[in-house]
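Since the structure comes first, as structure tokens, the remarks are kept for the end.
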Amino acid sequence: MITNFRLNLIIVMMFLSVIDLSATFFYVSKYRAWQTNKPFSLIELNPLLSFLWNKLGLHLGMIVGGIFILTLTYIISREAHWIIVLILFLFLVFALYNHNNNIHLLNKLIEQYPSGSLPVKTFGEVIGNNIT
């Protein structure tokens, strides 16, 4: 039987995971709309999501990856020692903090370079850069 503490922990972890996956999808879809040739592996560091996006596309790959990640989060939150769950919680909070920073920086880049073409003089050679 699940105790109240563990149940609350599962709910918090699942909520944070859904927010993380949603922010990831928002960021990647916005980035790909801006620079359509940018490889997924250069936008997202999660190799599972990058692989699924390359094989299944952004939407279906996100659904399949989300199911897999949420299942793992549930199993870890339910079965692992509370210290492991605390470490996962800290990683999720850190990821959400990074999402906030990355989305803010991406918006600034899109404002400055709406065509998606980044100047070589300023940024050097950028893989997936839109050619003007």
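Estimated from the Cβ-Cβ distance and a Förster radius of 30 angstrom, the FRET efficiency linking LEU56 and PHE5 is about 0.20. Using the alpha-carbon centroid of each, what span in Å lies between the stretch 42-100 and the stretch 1-30? Their Cα centres are 9 Å away from one another. Footprinting exposure proxy ranking of VAL126, VAL93, fewest other C-beta atoms within 10 angstrom first, gives VAL93, VAL126. The label-point distance for TYR97 and THR71, in a model that sets each label 7 Å from Cα toward Cβ, rounds to 3.2 nm. For the chain, a Gaussian network of Cα nodes joined below 10 Å ranks TYR27, TYR113, TYR74 by mean-square fluctuation, and the top entry is TYR113. The simple Förster model, with R0 at 22 Å and r as the Cβ-Cβ distance, assigns ILE63 and VAL12 a FRET efficiency of 0.45.
With the convex hull drawn around the C-alpha atoms of the stretch 1-71, the volume per residue stands at 78 Å³.
Charged side chains reduced to their Cβ positions (Lys and Arg at +1, Asp and Glu at -1) give the stretch 1-130 a dipole of some 120 debye around its Cα centre.
Among ILE63, ILE87, ILE103, the residue with the largest mean-square fluctuation in a Gaussian network model of the chain, with springs joining Cα atoms closer than 10 Å, is ILE87.
Residues ILE67, ILE10, arranged from fewest to most other Cβ atoms within 10 angstrom of their Cβ, appear as ILE67, ILE10.
Here the label points at PHE123 and LEU86, each 7 Å from Cα along the C-beta direction, are separated by 4.2 nm in the simple model.
Cβ-to-Cβ counts within 10 Å put LEU52, LEU90, LEU7 in ascending order as LEU90, LEU7, LEU52, the fewest first. Take every pair of alpha-carbon atoms less than 8 Å apart whose residues are at least six positions apart; their mean separation over the length of the chain yields a relative contact order of 35 percent.
Readers should treat all values here as calculations from the given coordinates under stated rules, not as data from a laboratory. It should be emphasised that the depicted structure is a prediction, and the values quoted were computed from it without experimental measurement. Cβ coordinates were reconstructed from backbone atoms using ideal geometry, including for glycine residues, and neighbour counts include every protein chain displayed.
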